[in-house]
Each structure stands twice: as C-alpha cells, then as structure tokens.
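The structure appears below as structure tokens.
Derivation of every value follows stated rules applied to the coordinates shown; laboratory data play no part. Bear in mind the structure is a predicted one, so any value in this text is a computation, not a measurement. Virtual Cβ from ideal backbone geometry, glycine too; neighbours counted across all protein chains shown.
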C-alpha cells in the first residue's frame, strides 16, 4: 500500500490545490482538448508566480545562472558530456526559457547562449559527431533536448534565426535516420540490463545502433522531433515520427527494463503528437503506459524507480518532472481526477522533496524490500548535469 503523505490536508487546502493544478495545466497547455469543455486558456505571461512556487522557481533560476551554466562553460565536448552531445545545452536552454516565462525575469545569459550555438554545431548542423551508417541513441536524446529548448525559445520569442538550427537538427539527424528506427533493438535478450549509473553510457552496438544503459533514451529524441514538427510541419519529419512512434509502441517496457524517464518523455511526446494531428488514439496509448508506470515505476513517495523492474536503484527528478507533466496532460484530456490527484502527490512528495537548498535537483534512494532500506534519503545531492535544468520545466 502506498503512503499518501497529503492525506492529512484539510479540505479547504485540498480544494485550493485542485484549483491551482487545474489552472496550471490550462496555462501550460492552452487547454486545447478535443472536446469543448468550457476551459479558458490563460497565457503564462498573465500569471504572477508568488509564494512557495515563486520561491522555488527563483531559486532554480538563480542556480541556472551560476558559472556552470553560463555561455563560456555550458557548451561541452563529447568527452565532457560523456557522449551526450546537446544534452546539457538543450536542457539548460529549456530550463532558462521556462523559468524566465514563469517568473517574468529577464535571463542574464540566455541570448548569448543562443548566439553561440552555430559555432558548436557539426558540419551538418547538429550536436556531436557525424556517424556514417550508424545511430547513437544518446546523440538523438541530447539533440532532442536541443530541439525542445529551441522550440520553446522560438515559441516564446518568435526569433526567426533559430529556425535554421531547428531545421538542421530535424532534417540532418532525425530525418536522415529514417529506416533505422524500425530496427532499434527492443528484444529484451538483445539489451544489457542491470547496468548503468546516474549518468547513462553506451553499453553495446547492435543493428548499427549504439545502445545506452538508459534503455529507450532514443525516444527522448522523438519527443523533441515531435515538438519541432509542430513548428516545421514537414511531411518528411512526420514520416520519421510515425516510424519512431510505431517502434516505441512495440516495446514491452517492463520486460526490457526501459528507463522510466525515457518512457515517460516518450508518452508526453505521444500526447503532443495527438494534439498536433487530432488523433486521440495516442492519448489512449500514453494512458496505458501510465498505468504500467503507476504500478511498476513509481515509489512509495511518488518519485520513480530509474528503470522498470529495478527496485534497488535510485530516483531521478527528470522522470519525476515527466510524471508530473504527463499526469496533468492526461487529466487535461480525460478529466479523470485520479490523474490530478497523482499530480498533486508527485509535486508535493516527489518534485518538491528532490529540490535542493541551492535551487538544483538531486536523486534520492528507493526505500523498500529490494534496497533493504526503509529510510528516504538523498543519494546524490545534485544531478547538475540534467535534473537541475529539468526542474525549471517542472516548476514552471
């Protein structure tokens, strides 16, 4: 039985939380459901964040403007990123954009980071090495975060100069990979399981795929490609997205021990794609996988197990953010209040618990029988290479 630490909240406070979460999801998404449900879309710029949430956003914003994330330090070589090209840069841009929009505070370094991007792209216009006749799933994941950050920036600023970068990453990396995605190894016996650290690494090569210990992280890239498609609307990119979605839907996430962060991000992509093309079947597919996550991927205090079926590992705020956002998206489209309840528990017991004193986010342990521990405690003070930046999106 899962502990629900909010059970002692009084009814008035819970009603306020319900209204707050309802408002937040309408702000973030514009409430563009397929039914006419009477929602009123409120732009994020019309809201002033105060109180605890305002403080948390401000602390995260402060952290993302410290030296590590400033223009002269944020761009990493493949070696410095541990073979995650574009990951740090994309997540940083995304976090800064979301924190800035929510707080109405002008970012100190974001414009310079944007201006420096072209100098750090390869000859084909994306991050990392150019591989001939091979695909690196961590490279697709990292460039997926570049697309997410740049798309959010473009939708905010309408800066036309950034479109060429969105196009080059989409066309020269993702579209060029057409045909590879349907060959992505998904048979459990083909994957190395029970390996990996807090930062994933390439473990094997199969079917011309360089495969990560973060099993399924290629589908983080898919979510970035879907966001780019919302802007570009090219048929070539759409065909690749359909190929990637088809492969993702074939995976037995529990058997292959997929990373929960990657799986939840992919599900958020399914819902974004459903909103773009107007097909509810992708929302239904995301809902099915949410049920699996809720039974096999979520911890007692609504954080996450880092992989399905690996209960003696650790939590990851990136996945906690994904679970919070996905629960809100599913509530928006279904009006099933259980999703709203889940989102409230995730926010208060998971997301808030993993924000650290400096505004960043860190990993916790997973108490339970598998870990022989009944004490919830930090495992890593701050996952500064990924979770700190995603925290900005989760809070905003």
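Quick rundown of the values:
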read-out: Gyration tensor verdict on the chain (Cα atoms; rounded if a/c is under 1.5, prolate if a/b is larger than b/c, oblate otherwise); value: rounded
read-out: Calculated FRET efficiency for the pair residue 300/residue 46, C-beta based, R₀ 51 Å, to 0.05; value: 0.85
read-out: Extended-chain gain in nm, criterion 0.36 nm per residue less alpha-carbon gap, residue 192 and residue 108; value: 26.0 nm
read-out: In nm, spacing of pseudo-spin labels at residue 129 and residue 233 (7 Å Cα→C-beta vector); value: 3.9 nm
read-out: Neighbour-count order for 120, 374, fewest beta carbons within 10 angstrom listed first; value: 374, 120
read-out: Computed label-point distance, nm, for sites residue 204 and residue 67 using a 7 Å Cα→Cβ extension; value: 4.2 nm
read-out: Order of 253, 173 under a 10 Å beta carbon neighbour criterion, fewest first; value: 253, 173
read-out: Förster radius 25 Å - calculated FRET efficiency between residue 348 and residue 284 (Cβ-Cβ, nearest 0.05); value: 0.35
read-out: Computed [θ] at 222 nm, helices only, for the chain once each DSSP H run of length n ≥ 4 contributes -39500 (n - 2.57); value: -15500 deg cm²/dmol
read-out: Counting DSSP beta bridges with both ends in region 11-395, the antiparallel % (nearest 5); value: 85 percent
read-out: Fewest-first ranking of 135, 127, 389, 328, using other Cβ atoms within 10 Å as the exposure measure; value: 135, 328, 127, 389
read-out: The chain - percent relative contact order, Cα under 8 Å, separation 6 or more; value: 18 percent
read-out: Mean-position separation - Cα centroids, region 61-89 and region 288-322, in angstrom; value: 26 Å
read-out: Additional length obtainable on full extension of the chain from residue 78 to residue 158, 0.36 nm per residue less Cα span; value: 25.8 nm
